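Asks: Sharing a structure with you now.
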Amino acid sequence: MKSDLPVHRSTPPPTAPRAVDDPQTQSVLVATWRRGLVRLVVWAVVWALLTLAVVVIRDRDLETVRAVFLLLMFVSLRPLALASLSMQCVRAIDTTLGSHPWQYCTSVRRVRGTRVRGGIAVQAQVGDGEDDWTPVMKARAPFRWRRWTAELENGAWFAGDVRRGGVLALPGGRALTLVTVAVR
């Protein structure tokens, strides 16, 4: 089921030998790297400061404060781990864009009723025929794991191996999304 958003057919993918050679894609990728690094550094600093506070507080009168800092230290591990996973996703996107060219993808559809761990089940149509859909793949954006960009349904760019996965993006390299073959 397609949305009513405009079709991006007027923006053909660049003909560069590597997707990262496109200036728009490169600027989006650099911004994504920066955003991920800032998140990772911020949460690492927060976790380190909380750990330091737990170690420094040794007074018996402040035992409750120490317990609160210890709890906060463990709670901050989750965002730190998510920031690390986001950076792994950005790295995989960077590697794929550095070794594959962009190709036009007619449509990307969300596969309803199929659950994949850590992402959204999607299929991409890379040809003009009805049977040119890829196998079910897991899609995840670096900072939006379970959110879907509906504009991808009206045409997108794809870099990678159609049967193994790659990167989906809106024209210009916007909304970079890593897609890998889903293991059911």
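The values are calculated or read from the model by the stated rules, or taken from the named source; none is laboratory data. Keep in mind that this is a model prediction, so the values were computed, not measured. Cβ sites come from the backbone with ideal geometry, for glycine too, and all protein chains shown count toward neighbours. Protein only, heavy atoms only, side chains kept; ligands, DNA and RNA dropped before computing areas. Shrake-Rupley method; radii C 1.70, N 1.55, O 1.52, S 1.80 Å.
Asks: Taking the range 156-184 as the search range and keeping residues that are over 13 Å from A19 (Cβ atoms), modelled with pLDDT under 85 and of a type outside the set (D, E, K, R), which one is most open to solvent (accessible area, probe 1.4 Å)?
Replies: Per the criteria, the residue is V183.
Yes/no matrix, rows are residues, columns are (1) touching a residue at least 40 places away in the same chain (Cβ under 8 Å); (2) out of contact with any Ser or Thr (no Cβ under 7 Å at 6 or more places or on another chain); (3) more than 15 Å from A175 (Cα to Cα):
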position	(1), (2), (3)
M87	yes, yes, yes
I93	yes, yes, no
G98	yes, yes, yes
R109	yes, yes, yes
R115	no, yes, yes
I120	no, yes, no
D131	no, yes, yes
F143	yes, no, no
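Asks: While we're here: Hey, any hits in the range 47-58 for a residue that's at pLDDT below 85, assigned to a helix (DSSP H, G or I) and open to solvent by 70 Å² or more (accessible area, probe 1.4 Å)?
Replies: There is at least one residue in the range 47-58 that is at pLDDT below 85, assigned to a helix (DSSP H, G or I) and open to solvent by 70 Å² or more (accessible area, probe 1.4 Å).
Asks: Can you pull out every residue in the range 34-45 that is open to solvent by less than 80 Å² (accessible area, probe 1.4 Å) and either within 13 Å of L82 (Cβ to Cβ) or acidic (D, E) (or both)?
Replies: G36, L40, V42, A44
Asks: Another question about this same structure. Of everything in the range 77-136, what is in a loop (DSSP other than H, G, I, E, B), farther than 22 Å from N154 by Cα and either among the aliphatic types (A, V, I, L, M) or open to solvent by less than 30 Å² (accessible area, probe 1.4 Å) (or both)? Give them in sequence order.
Replies: Within the range 77-136, V116, G118 meet the criteria.
Asks: Would you call D61 on the phi < 0 side of the Ramachandran plot, in a helix (DSSP H, G or I) and either at pLDDT 90 or above or open to solvent by 40 Å² or more (accessible area, probe 1.4 Å) (or both)?
Replies: yes
Asks: Using the structure shown, decide if C89 is touching a Pro at 6+ places or on another chain (Cβ under 7 Å) and of a type outside the set (S, T, Y).
Replies: yes
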